[in-house]
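The values are calculated or read from the model by the stated rules, or taken from the named source; none is laboratory data. Bear in mind the structure is a predicted one, so any value in this text is a computation, not a measurement. Cβ placement follows ideal geometry from the backbone for every residue including glycine, while neighbour counts extend to all protein chains displayed.
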Amino acid sequence: MGLDFADRIGRIPVYPAADGYALSESVALLASNEAPFAPLPEVVAAAAEAARTAHRYPDPGASRLRAALAQRTGVPVDQIATGNGSCDILLALGDALLQPGRELVYAWPAFSMYPQLGATAGATDVQVPLDAEDRHDLKALAAAVTPQTRLLLICNPNNPTSTLVPLEEIEELLQAVGDSVCVVLDEAYREFVTSEEPDASLELLARYPNLVILRTFSKVYGLAALRVGYGLCGDSSIRTAVDQVRQPFFCNASAQAAAIEALAHGDEVDRRVALMVEERERLAAGLAALGCQVAQSQANFLWVKLPAGVDEKEIVGGLSDRDILVRAGTALGGVGHLRVTVGLPDQHERLLAALAELLAQR
């Protein structure tokens, strides 16, 4: 007879994870938007030191990490949530706010986890297409809000398209939707923004108690394997609700220690960001020279539209045969596209040479 799983299991999409986790170091991993730099030695040492007491449970409230984040951001400690990556907090927000009869609004394509929230809670997803420049259409998003809407998600910069919506437009949206909708700014890639001050969005929290800003240590800090992220909440009641729907000990001791130490090395983070932004522009120019259309990126990856008539699957497969991994756009909502992580210069040279060879074979 077998197990009879809940009805919602059939509705919850499977996250389209990238391949390559068991491959050799010679493979160019340009598929998962990871940092190309290893954590600083001091960060590794902090994580290792915390592991010496792994027989003890971690601080359930991540009090030292939240205090460090409060000092870094200026947000009060009781308005800061930490978690097993920012996805942990995102899913908890869905659990806390959604149920059958309620709605979740977000642009599409956007982060692949978003459809999981509504499906898990039995809520209704309202997907709003991006505009012609692969950016969020904030007026259309605001128009999609109804009395049943409880969550509105804005991935900024957007994954997978890498594009940014300016903060003045975000504030116009916040004013339009009112305070009965929890607006989530998913800022996993915010540190790579160069068109405006990366931390400027934090000022919105004091004016909008229904706002949550999600950030992560997985990208610019290079701690993807340790899984630690945080949410900055406009009101402490949001953090309380997030914690109520999760298991305790949601952030392990090594992750907490590594994140605290990483925050102490802001100058090195800035240096790495500058190097990656330089490579981002160089790689974008190289792809454009091959006849690809590249969205204006404000993240650590590029959204690449292949030339007309080029088979996306063949390109991804051909690159994989040459030990270069990128993400196929179809699984992310963009047929005929690639999502390419900004890596190291030698990886980019390999990618451009391989792509030129594959395009020449058409």
(Q) Tell me the residue from Leu223, Leu204, Leu211 that is in contact with a Cys (Cβ under 8 Å, 6 or more places away or on another chain), at pLDDT 95 or above and assigned by TED's automatic domain parsing to the domain that holds Pro160, please. (A) Leu211
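Residue-wise test of (1) of a type in the set (D, E, K, R); (2) assigned to a helix (DSSP H, G or I); (3) surrounded by fewer than 21 Cβ atoms within 10 Å (Cβ to Cβ); (4) in the same structural domain as Arg135 (by TED's automatic domain parsing).
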{"site": "Gly309", "(1), (2), (3), (4)": "no, no, yes, no"}
{"site": "Lys313", "(1), (2), (3), (4)": "yes, yes, yes, no"}
{"site": "Val335", "(1), (2), (3), (4)": "no, no, yes, no"}
{"site": "Leu338", "(1), (2), (3), (4)": "no, no, no, no"}
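Counting only residues that are of a type in the set (D, E, K, R) and either at pLDDT 95 or above or not assigned by TED's automatic domain parsing to the domain that holds Cys251 (or both), which one in region 183-201 is farthest from Thr73 (Cα to Cα)?
Across region 183-201, the extreme among qualifying residues is Asp186.
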Q. Of the residues in region 10-55, how many are surrounded by 10 or more Cβ atoms within 10 Å (Cβ to Cβ) and modelled with pLDDT under 90?
A. 10
Q | One residue from Thr216, Thr240 being under 26 Å from Leu204 (Cβ atoms), of a type in the set (Val, Ile, Thr), modelled with pLDDT of 95 or more and surrounded by fewer than 19 Cβ atoms within 10 Å (Cβ to Cβ) | A | Thr240
Q) Given the structure, is Leu214 within 20 Å of the chain's Cα centre (by Cα), under 14 Å from Val77 (Cα atoms) and not in a loop (DSSP other than H, G, I, E, B)? A) no
Q: Go through region 231-304 and tell me which helices (runs of 4 or more DSSP H), entirely inside it, have 2 or more residues that are among the aliphatic types (A, V, I, L, M) and more than 30 Å from Gly334 (Cβ to Cβ).
A: 236-244, 253-263
